[in-house]
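Written out below as structure tokens is the structure these notes cover.
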């Protein structure tokens, strides 16, 4: 019994099968590159959390599985390689269009779901967006392997060897497609360019095949023109397409980065939807954000040695330097590009050293003790799980000098039993005997302060009165009047179990729903026309 090779007597380019193996290689590469690109496309709107990654991986695997099934049926029914390479060109054009249209699809889906659902908005919007944008091209790429097996297998005697080679070629391509976007194309040229590069590779596979065949010339010409249009429009595409006055917009290995600048302030964000990460007030006054509240820690200690885990562009460090000139500040920031932006746009002085490192890993190698340790490390909407556990906070405590204070930014005023802030407070309370929390006025943040004993934190009211800056002194006195010792429970986060991303997603979803309630009520009363006027 034998299998008919589709290349025999029909396609000169396929006779030695090398081009089929190359197709498996570059298709596998493109699948993984699109998956990495998907995470970067969705991250500014929905975060890059494990939850979003799960949605992306699950959705893409479903698309590939369905493509495998459908591709196998097509290969049996009509084993013509031209059909496969037409599908590759269509997939290429869809992927090339993602930088142009993807963000608008996300915005449209999110807008429709805002008025349609009451809970799990972010998760649902991320899932629907992923389906709408990525399922079709990945479904088409899923047809590649079964078709290639059909085209290359001529007899049962060689079927195992052929399938193994095709699988190896696709897997090898997938490996390279995982590393190239992360370490080369996205840091060097951005997410839009990454989609275009790998779409171009798929397009080239189809064009080369049809060039050798001498067929489908009009189809290929139109495909090239469509790709060039996408390349021209997509290369100039921006995530925050509604923003008109950005001083900087770019990407790093870890983040989407955005700097806004006007005559009064410079603001830094690592995403579109989830707020402000750093702020510089150009007249030298207080920022009006949680950084000001965190100054209660150096107010208690009188400055001294200060370590900032999650430096950002240095708002807290600059305020420490301004109001406590004797402070010796060290910053730790995992994203080197953020450090560069801090020097360029936020005038962070060179005498404040910033180490490009993970905060917990830095503590593990550092032997120094500090008077103040500020924990402000976030990955999108939550503290990284390795910096939220009881083991981490024990490490922080070990690096505090006698009389030292830890300050933690809790970025969401979550509600409900077992919410993320409650879990973090319980975890920190398991390590530090003395705790205080205070709500940041006009924001969704809580400032938490922890020390080895109560007497340390009780020094704030007297220290506040001695501060020479009147505004800072008034704020510190206010904090001393209103901060509270929070209730403590047993919901402790550990290195083994710290579901901070799921808890954080629930908290931000609740905040969004609360903020949108007014517009939902308008929609229910007046429909889309009323909502449009309200916006």
- Note on the structure: Here the Cα Rg-to-2.2 N^0.38 Å ratio for the range 254-364 is 1.02
- For helix 159-180, what angle does its Cα long axis make with the longest principal axis of the chain, in degrees from 0 to 90 and rounded to 10? 30
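Rounded, prolate or oblate: which fits the range 12-235, taking a ≥ b ≥ c as square roots of the Cα gyration tensor eigenvalues, rounded meaning a/c under 1.5, else prolate when a/b beats b/c?
The shape class here is prolate.
What order, most packed first, do the peptides 280-291, 363-374, 327-338, 21-32 have when packing is the mean number of other Cβ atoms within 10 Å of each residue?
21-32, 327-338, 363-374, 280-291
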- Square roots of five times the Cα gyration tensor eigenvalues for the range 182-323, Å: 49, 16, 8
- Task: For the range 360-403 and the range 39-77, write down the distance between their C-alpha centroids in whole Å.
- Result: 36
- Taking only the alpha carbons of the range 284-500, what extent do you get along each of the three principal axes, in Å, biggest first? 41, 38, 33
- Quick note, the range 321-364: a/c under 1.5 would make it rounded; otherwise a/b > b/c is prolate and the rest oblate (a ≥ b ≥ c, C-alpha gyration tensor); here it is oblate
- Find the Cα radius of gyration of the range 70-109, compare it with 2.2 N^0.38 Å by division, and give the number to two decimals. 1.64
- Note on the structure: Kirkwood calc, the chain, C-alpha pairs only, radius in angstrom 25.9
- If each of residue 469 and residue 485 carries a label point 7 Å out from its Cα toward its Cβ, how far apart are those two points in nm? 3.0
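If r is the Cβ-Cβ distance from residue 263 to residue 361 and R0 is 56 Å, what FRET efficiency results, to the nearest 0.05?
Approximately 0.90, to the nearest 0.05.
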- Quick one: which of 222-229, 77-84 comes out on top by average Cβ neighbours within 10 Å, and what's the full order, highest first? 77-84, 222-229
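Given the range 318-409, what percent of its DSSP beta bridges are antiparallel, to the nearest 5? If you can, show how the numbers build up before the last one.
Values: 1 of 8 bridges.
That works out to approximately 10 percent antiparallel.
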- Query: By the gyration tensor of its Cα atoms, with a ≥ b ≥ c the square roots of the eigenvalues, what is the shape of the range 40-113: rounded for a/c under 1.5, prolate for a/b over b/c, or oblate?
  - Reply: prolate
- Measure off 7 Å from each Cα along the Cα-to-Cβ vector at residue 168 and residue 336, then give the distance between these two points in nanometres to one decimal. 3.6
- Note on the structure: Distribution output for the range 60-192: share of Cα-Cα pairs per 10 Å bin in percent, first bin at 0, values 11, 30, 32, 19, 7, 1
- Mind pulling the angle between the C-alpha long axis of helix 500-534 and the longest principal axis of the chain? Nearest 10 degrees, somewhere in 0 to 90. 80
- Quick note on 324, 316, 134, ordering by fewest other C-beta atoms within 10 Å, gives 324, 134, 316
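What's the extension gain from residue 18 to residue 368 if we count 0.36 nm per residue and subtract their Cα-Cα distance?
Difference between extended and current length: 120.1 nm.
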- Message: Starting from 0.36 nm per residue, how many nanometres of slack lie between residue 350 and residue 224 once their C-alpha separation is accounted for?
- Response: 40.5 nm
- Query: Which of 471, 426 comes first, and how do the rest follow, when ranked by fewest Cβ neighbours within 10 Å?
  - Reply: 471, 426
- Based on DSSP H runs of at least 4 residues, each adding -39500 (n - 2.57), what is the mean residue ellipticity at 222 nm of the chain after dividing by all its residues, to the nearest 500 deg cm²/dmol? -18500 deg cm²/dmol
- Task: Take the range 131-198, drop everything but the C-alpha atoms, weight them equally and run the Debye formula without solvent; then report log10 I(q)/I(0) at 0.28 Å⁻¹ to two decimals.
- Result: -1.16
- Query: Restricting the count to DSSP beta bridges whose residues both fall in the chain, what percent are antiparallel, rounded to a multiple of 5?
  - Reply: 65
- Query: So how do 496, 292, 305 line up by other beta-carbon neighbours within 10 Å, fewest first?
  - Reply: 496, 305, 292
- Task: Extending each Cα 7 Å along its Cβ direction at residue 494 and residue 217, get the distance between those two points in nm, one decimal.
- Result: 7.1
- Query: Which angle from 0 to 90°, rounded to the nearest 10, does the C-alpha axis of helix 18-46 make with the longest principal axis of the chain?
  - Reply: 30
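Only the coordinates and a few stated rules stand behind these numbers; no lab work does. Keep in mind it's a predicted model, so treat the numbers as computed, not measured. Here the Cβ is made from the backbone with ideal geometry for all residues, glycine too, and neighbour counts use every protein chain on show.
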